[in-house]
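Engineer: The structure follows.
Laboratory data are not the source of any read-out in this text; all were calculated from the coordinates shown. None of the values given here were measured: they were computed from a predicted structure. Because the Cβ atoms are built from the backbone with ideal geometry, glycine has one as well, and the counts that use them run over all protein chains shown.
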Amino acid sequence: MAKFSLFSEESNRSPLSRLWRKFKSNHPALVGLWVFVALTLLAITAPFIAPYGINQQHGDALLLPPSWHELGDVRFILGTDDLGRDVLSRLMNGATFTFGLSIIAALVTTLIGVILGTFAGISKGFRSSLLNHVLDITLSIPSLLLAIIIIAVLGPGLLNTVWAIIFALLPQHVHSVRNLVVEELNKDYISAFRLDGASKWQILTRGVLPNIYEHIVVIFTMALSTAILDIAALGFLKLGAQPPTTEWGAILAENLSLIYLAPWTVGLPGVLLFIAVLSTNLVGDGLRQVLKGRKVD
Amino acid sequence: MQPLLKVQGLNKSFCTRAGVFKRKHARVLQDISFSVGHGETLAIIGETGSGKSTLARVLAGADYSDKGQILLDGDTIEDDGIRCDECRHIRLIFQDPTRSLNPGLTIGDMLDDCLRLNTELTKAQRDKKIKHTLTRVGLLTEHFEYYPHMFSGGQLQRVALARALILDPKVVVLDEALSSLDPSVRAQTVNLLLELQRDTGLSYVLITHHLSLVKHMSDQLLVLNKGKVVEYGDTLSIFATPKSRVMQRLLNV
């Protein structure tokens, strides 16, 4: 090991790579990021790598405990449920629904939120205040309640849940993006850029968006954790995914009657939900801390 | 000789909401008139809130006046708040360079944007021009790849200067641009500005609090108080025999 560095690294780094370097030093957030990436990969590949089909029943193996238990069977690592279905395969496929669909919902929300929020940010006067006050009204309703109301109109079902969550999360998104855009537009470098002769569109794409995209990512992670919880909660309330869909909340609800007999069928989806939300929040929190630190220097 | 920049009867008022239907008008500039010749420097001094910064923004086109004309080289570029010129002949340098430079772009990208939006130069020509301008303000061509956060305050002000100069303006408006620098860096920057003025015949509108700087740099002086011109004339003669109360108080006579 060299005692001192002979060649100092040039600190010629873009804001993005500085962000990543600071983020790396926050270990819980980094672990959260790895778990997050693993869950995303699982959500994509689950149907291909799961050992059994989600509705494949094994009549000889009902309610088997996980394989490390003395009554367990190594064929079913996390045990089976009351119909003899492999819990591991069902949970892996559940990632696709709960986690994957949450990501899609959060992405769509972010996309629409950024478009509407930017529009609200650059508009002035009556149009801006109309948009704001209408959004403020919807902000006062909790997102889950709003989602339930929308489900009540659209009818239960997984796809309707996704729509409901998108609509329920949208007001906060539009609002926060609008605040970011307005704050950014008031800065000196935007008026300097305007004096350079930049059009409104150029100001947005070169001036505003490159400086707020990290904040948008933070908002995205917050929306994602809310979306995961909402999809699972609606599944649990039998308003979202319907059995035999392997959405984690729906699995929980389906096996609730077995909680004393076969606690693993209820506990494991709960643990997975916990991990998914925790990793998302860790990543979001890490990002927020890095951003706060960047404002200081 | 015809002056380069001529301002006639400039008026500006801000509207603030005082009640539901009531609006309060605050007149920040009232009948401002002055002229600046080629290669001359006009200093504008006044108390805080006397309308100095608003005047700078109106001159550069960041704000619009309500009434009055701004003429550049005999052409009217702003008439009663309607501006018909592009922004490249009068350039503004802001007070705080850490806030007036986009933190997400490299210096090269930022200067390139300026040129792309205002000129028809090709990529190679633009690169050459950027490098030339960077060396002219005392920076290195390597700074092309740097982000604003990697510079110190004095260097940032040079970057801001490069940004103003890259479009070959006729007038540069310095809105307290030298106040945030420490004395030695300020002296360097002042020398640099004077050198550029000698070489290219630039005109400056210098807005500042520093009387010594005014004495050192400017040919003409305009004293603002509550949006009105209280004194306007040759710098040395005003310093020698101040007529207005404001100027007398500033000079402690």
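Engineer: Give the shape of chain A as rounded, prolate or oblate, defined through the alpha-carbon gyration tensor: a ≥ b ≥ c are the square roots of its eigenvalues, a/c under 1.5 means rounded, and otherwise the shape is prolate if a/b is larger than b/c and oblate if not.
Structural biologist: oblate
Engineer: Okay, next question. Would you calculate a helix-derived [θ] at 222 nm for chain A, using -39,500 (n - 2.57) for each DSSP H run of n ≥ 4 and dividing by the full residue count, to the nearest 500?
Structural biologist: -22000 deg cm²/dmol
Engineer: When only DSSP loop residues count, what chymotrypsin sites (Phe, Trp or Tyr not before Pro) in region A:73-103 have their Cβ near at most 10 other Cβ atoms within 10 Å?
Structural biologist: For chymotrypsin sites (Phe, Trp or Tyr not before Pro) across region A:73-103 that sit outside H, G, I, E and B with at most 10 neighbouring Cβ atoms in 10 Å, the list is empty.
Engineer: Quick check on my link table: of B:Lys6/B:Lys128; A:Lys24/B:Lys128; B:Lys67/B:Lys226; B:Lys52/B:Lys131; B:Lys24/B:Lys226; A:Lys124/B:Lys6, which ones sit more than 27 Å apart, alpha carbon to alpha carbon?
Structural biologist: Violating the 27 Å limit, Cα to Cα: B:Lys6/B:Lys128; A:Lys24/B:Lys128; B:Lys52/B:Lys131; A:Lys124/B:Lys6.
Engineer: Can you compute the helix-only [θ] at 222 nm over chain B? Use -39500 (n - 2.57) per DSSP H run of at least 4 residues, normalise by all residues, nearest 500 deg cm²/dmol.
Structural biologist: Counting only the DSSP helices, I get -10500 deg cm²/dmol.
Engineer: On a 0 to 90° scale, report how tilted helix B:153-165 is relative to the longest principal axis of chain B, with both axes built from alpha carbons and the result rounded to the nearest 10.
Structural biologist: Once rounded, one gets 90 degrees.
Engineer: Can you tell me the 0 to 90 degree angle between the C-alpha axis of helix B:107-118 and the longest principal axis of chain B, rounded to 10?
Structural biologist: Approximately 70 degrees, to the nearest 10.
Engineer: What number comes out for the charge environment of A:Leu131, summing +1 per Lys or Arg and -1 per Asp or Glu over other residues with Cβ under 14 Å away?
Structural biologist: Counting the neighbours of A:Leu131, the net charge comes to +2.
Engineer: Could you work out the relative contact order of chain B? I mean the mean sequence separation of Cα pairs under 8 Å and 6+ apart, divided by the number of residues, in percent. All intermediate terms of the calculation are to be shown ahead of the outcome.
Structural biologist: Details: 473 pairs, mean separation 63.7, N = 253.
This gives 25 percent for chain B.
Engineer: Among all stretches of chain A without exposed trypsin sites (Lys or Arg not before Pro) (DSSP loop, at most 12 other Cβ atoms within 10 Å), which one is longest?
Structural biologist: Result, exposed sites excluded: A:125-297.
Engineer: Taking only complete DSSP H runs, can you tell me which helices of chain A stretch 18 Å or more along their own long axis by Cα positions and average at least -0.5 on the Kyte-Doolittle scale?
Structural biologist: A:27-49, A:101-122, A:125-139, A:158-185, A:209-236, A:264-296
Engineer: While we're here: Could you work out how far apart the two model spin labels at B:Glu120 and B:Thr16 are, taking each label as a point 7 Å from the Cα in the direction of the beta carbon, and quote it in nm?
Structural biologist: Label at B:Glu120, label at B:Thr16, 4.8 nm between them.
Engineer: Report the one residue of B:Ile238, B:Ile166, B:Ala60 whose Cα lies farthest in the direction of the positive end of the charge dipole of chain B (charges on C-beta: Lys and Arg +1, Asp and Glu -1; origin at the Cα centre).
Structural biologist: It is B:Ile238, whose Cα lies furthest towards the positive end.
Engineer: Label A:Ser25 and A:Gln242 with points 7 Å out from Cα along Cα→Cβ: what is the distance between them in nm?
Structural biologist: Taking the two extended label points, one gets 5.4 nm.
Engineer: For a quick check of your reading of the filter: which trypsin sites (Lys or Arg not before Pro) in region B:4-90 sit in a DSSP loop and have no more than 14 other Cβ atoms within 10 Å?
Structural biologist: Numbers: sites: B:Lys6, B:Lys12, B:Arg17, B:Lys22, B:Arg23, B:Lys24, B:Arg27, B:Lys52, B:Arg57, B:Lys67, B:Arg83, B:Arg88; in loops: B:Lys22, B:Arg88.
When the trypsin sites (Lys or Arg not before Pro) of region B:4-90 are filtered for loop state and at most 14 Cβ neighbours within 10 Å, B:Lys22 remain.
Engineer: Highest mean first, what order results for B:123-134, B:30-41, A:59-70 on Cβ atoms within 10 Å?
Structural biologist: Per-residue Cβ counts within 10 Å, averaged per peptide and sorted highest first, yield B:30-41, B:123-134, A:59-70.
Engineer: How much FRET efficiency would the formula 1/(1 + (r/R0)^6) give for A:Asn179 and A:Leu107, where r is the Cβ-Cβ distance and R0 is 25 Å, rounded to 0.05?
Structural biologist: Efficiency for this residue pair is about 0.75.
Engineer: Return the average number of partner chain Cβ atoms within 10 angstrom of each residue Cβ along peptide A:198-207.
Structural biologist: Other-chain Cβ atoms within 10 Å of each residue's Cβ, averaged: 2.
Engineer: Of the beta bridges DSSP finds with both residues in the protein assembly as shown, what % are antiparallel, to the nearest 5?
Structural biologist: Working: 28 of 46 bridges.
In the protein assembly as shown, DSSP labels about 60 percent of beta bridges as antiparallel.
Engineer: Report the antiparallel proportion of the DSSP beta bridges in region B:5-251 as a percent, rounded to a multiple of 5. The partial results should precede the final answer.
Structural biologist: Values: 27 of 45 bridges.
For region B:5-251, the DSSP antiparallel bridge percentage is about 60.
Engineer: Follow-up question, since we're still on this one. Let a ≥ b ≥ c be the square roots of the eigenvalues of the Cα gyration tensor of the protein assembly as shown; is it rounded (a/c under 1.5), or, if not, prolate (a/b larger than b/c) or oblate?
Structural biologist: Here the protein assembly as shown falls in the prolate category.
Engineer: Do any GluC sites (Glu not before Pro) in region B:109-212 lie in a loop, going by DSSP, with at most 10 other beta-carbon atoms within 10 Å of their beta carbon, and if so which? Mind showing how you got there, number by number?
Structural biologist: On the way: sites: B:Glu120, B:Glu142, B:Glu145, B:Glu176, B:Glu195; in loops: B:Glu120, B:Glu176.
Taking region B:109-212 and a limit of 10 other Cβ atoms within 10 Å, the loop GluC sites (Glu not before Pro) found are B:Glu120.
Engineer: Right, next: Lysine pairs in region A:146-297 8 or more apart or on different chains: how many have alpha carbons under 27 angstrom apart? Please report the intermediate quantities before stating the final value.
Structural biologist: Values: A:Lys187/A:Lys200; A:Lys187/A:Lys292; A:Lys187/A:Lys295; A:Lys200/A:Lys295.
Counting lysine pairs in region A:146-297 gives 4.
Engineer: Which whole number gives the average count of other chain Cβ atoms within 10 Å of the Cβ atoms across peptide B:133-145?
Structural biologist: If you average over the peptide's residues, the count of other-chain Cβ atoms is 0.
Engineer: Take peptide B:100-111, look around each residue's Cβ out to 10 angstrom, count Cβ atoms belonging to other protein chains, and average those counts.
Structural biologist: Mean shielding count: 5.
Engineer: So if each residue of separation counts as 0.36 nm, and I subtract the Cα-Cα distance between B:Glu195 and B:Ala240, what length gain in nm does that give?
Structural biologist: 13.5 nm
Engineer: Tell me the angle of helix B:183-200 to the major Cα principal axis of chain B, expressed in degrees between 0 and 90 and rounded to the nearest ten.
Structural biologist: Once rounded, the angle reads 80 degrees.
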